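Remarks on the structure that follows.
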Amino acid sequence: MNKVIRTLVVDDHPLFAIATKNILEEIDGLHVIGIVGEGDECLEFVRLHEPDLIFLDYYLPDQLGSEVAAQIKNQFPHIHVVIFTGVDVAKILNVLLEIGVSGVISKGSSEKTIKNMVQCILDNHTTVPLSFYHKMRLMDDHAANVLELTKDEVQIMSFLVEGLNHEQIGEKIFVSKRTVDNYMKRIYGKLGAKTRTKAVEKFVQSKYYKESDRRE
């Protein structure tokens, strides 16, 4: 017997959440095991039930979908997370890809497109709109080895240089300490650092520190 794909829908609009559930359950072998409306509820549900697939709205009442996705992928990297949103997330697409989401799709997409994306993801592929695909470029060997810091990551590192701890940084940028911890893991990886001291040293020597210094 084929495996049942246990799916969670995260959306604070009940009617839209139910409509999404109905669309997804038309896919053979997929069963929606829960609907929640907030990020914290989602994280608790994931810890208890560990679904295979999560359709996650970007704007939630208590936190952003990107923050929730980062925490999920950090603890459960095998779970597929799809950002399902009514807002344009093109500007943070690179951040979402770094987090490791399996797909990003608009709530305005047709039922057929939504189902096609799910089928692709379950086959370890994904889909993107043609308009975005045509703007994509393959990286050369040099570019592939250079991992750019995002604006948020530069801000976090600047606070770290000032001597703030993770909890204090979280208060500054209005996120939890756990979210800052997740940011730092990605930053350490990009900078090739294993310790806070080494990360600060590499950041201070980088172009980012000089640029942030000029902005002050």
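For the range 29-77, what does the equivalent ellipsoid look like in terms of its semi-axes, each the square root of 5 times an eigenvalue of the Cα gyration tensor, given largest first in whole Å?
16, 13, 10
Does the chain classify as rounded, prolate or oblate by the C-alpha gyration tensor (a ≥ b ≥ c root eigenvalues; a/c under 1.5 gives rounded; else a/b over b/c gives prolate, otherwise oblate)? Taking the square roots of the gyration eigenvalues as a ≥ b ≥ c, the chain is prolate.
Rounding to the nearest 20 debye, state how big the charge dipole of the chain is about its Cα centre with +1 on each Lys and Arg Cβ and -1 on each Asp and Glu Cβ. Before the final figure, lay out each step's value.
Values: 26 positive and 31 negative charges, 160 e Å.
Value, rounded to 20: 760 debye.
In this structure, the amide hydrogen of L60, modeled 1.01 Å from its nitrogen in the peptide plane, lies closer than 5 angstrom to those of G65, counting only residues at least 5 positions away or on a different chain.
Only helical DSSP H runs with n ≥ 4 go in: add -39500 (n - 2.57) per run for the chain, normalise by residue count and round the 222 nm mean residue ellipticity to 500 deg cm²/dmol. When only DSSP H runs of four or more count, the value is -15000 deg cm²/dmol. For the chain, the per residue solvent-accessible surface stands at 59 Å², with DNA, RNA and ligands left out and a 1.4 Å probe. Of the peptides 172-183, 7-18, 115-126, 61-72, the order by per-residue mean of other Cβ atoms within 10 Å, starting with the highest, comes out as 61-72, 7-18, 172-183, 115-126. Cross-link pairs exceeding 21 Å between alpha carbons, from the set K73/K177; K21/K112; K177/K202: K177/K202. Protection proxy ranking, highest mean first, for peptides 92-104, 192-204: 92-104, 192-204, where packing is the per-residue count of other beta-carbon atoms within 10 Å, averaged.
Given a cut-off of under 8 Å on Cα pairs at least six residues apart, what relative contact order in percent is computed for the range 1-142?
Working: 196 pairs, mean separation 26.8, N = 142.
Across the range 1-142, relative contact order equals 19 percent.
Ordering P51, A70, S106 by Cα displacement along the dipole of the chain toward the positive end leaves A70 in first place; charges were set at the Cβ atoms of Lys, Arg (+1) and Asp, Glu (-1). Assign one of three labels to the range 1-118, namely rounded, prolate or oblate, based on the Cα gyration tensor with a ≥ b ≥ c the square roots of its eigenvalues; rounded applies when a/c is under 1.5, prolate when it is not and a/b is larger than b/c, and oblate otherwise. Verdict is rounded for the range 1-118.
The values are calculated or read from the model by the stated rules, or taken from the named source; none is laboratory data. Being a predicted model, the structure only gives us computed values, none of them experimental. Note that we place each Cβ from the backbone using ideal geometry, even for glycine, and neighbour counts take in every protein chain shown. The area values use the complete protein model at the heavy-atom level, side chains included, leaving out ligands, DNA and RNA. Shrake-Rupley method; radii C 1.70, N 1.55, O 1.52, S 1.80 Å.
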